[in-house]
1. List the lysines whose Cα lies under 23 Å from the Cα of residue 14, skipping any in the same chain that are fewer than 8 positions away.
2. What value, in deg cm²/dmol to 500, does the helix sum -39500 (n - 2.57) over DSSP H runs of n ≥ 4 give at 222 nm once divided by the residues of the chain?
3. Mean separation of Cα pairs under 8 Å and 6+ residues apart, divided by the residue count of the chain: what relative contact order is that in percent?
4. Provide the per-residue ³J(HN,Hα) series for segment 87-94, in order, calculated from phi with Karplus coefficients 6.51, -1.76, 1.60 and θ = phi - 60°, each as a whole number of Hz, with x at glycine and proline positions.
5. Check residue 81: other-chain or 5+ apart residues with amide H under 5 Å from its amide H, H built from backbone geometry?
6. Just the accessible area per residue of segment 5-99, please: how many Å² with a 1.4 Å probe?
7. Apply the Kirkwood formula to the chain: the hydrodynamic radius equals the inverse of the mean of 1/r over all pairs of different alpha-carbon atoms; give it in Å with one decimal.
8. What full-extension length gain, to one decimal in nm, is calculated for residue 80 and residue 37 as 0.36 nm per residue of separation minus the Cα-Cα distance?
Amino acid sequence: MKDFIDISVDNIIKESKTKTPGYCDKQYIVYISPNDRRRKIHVNTYFYRVKSFFSLQKIKIRLCIYYDRALCETLEDYYCLPIEYIEKQAYCSWMDGAR
């Protein structure tokens, strides 16, 4: 379980699938890192939803740390990134984890 972290769905900025040819239609999420006090923006391709034991209404996202890449330092920087760059990093995070 140490290979996974849970994040709140409130930290998710985007959930999508790569559309750029050659990037294998990978599902990915872009999220604000809750464990980093600077709140960097990351992309991850190995994740799933889990319900909290304490509240049936609360859903969290569990993600594998090996399928993760930092995208940028701030939310403002994220909004300036081209979609091709985001999708390339999503594909590369999947490749990192597959090793």
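1. Cα-Cα hits under 23 Å: 26, 40, 51, 58, 60, 88.
2. -6500 deg cm²/dmol
3. 29 percent
4. 5, 5, 5, 5, 4, 5, 5, 5
5. none
6. 63 Å²
7. One over the average 1/r among Cα pairs gives 13.8 Å for the chain.
8. 13.3 nm
The values are calculated or read from the model by the stated rules, or taken from the named source; none is laboratory data. Note that the structure is a prediction, hence the values are computed from the model and not measured. Counting neighbours? That spans all protein chains shown, and the Cβs are built from the backbone with ideal geometry, glycine included. Accessible surface is based on the protein model in full, side chains and every heavy atom, while ligands, DNA and RNA are left aside. Shrake-Rupley method; radii C 1.70, N 1.55, O 1.52, S 1.80 Å.
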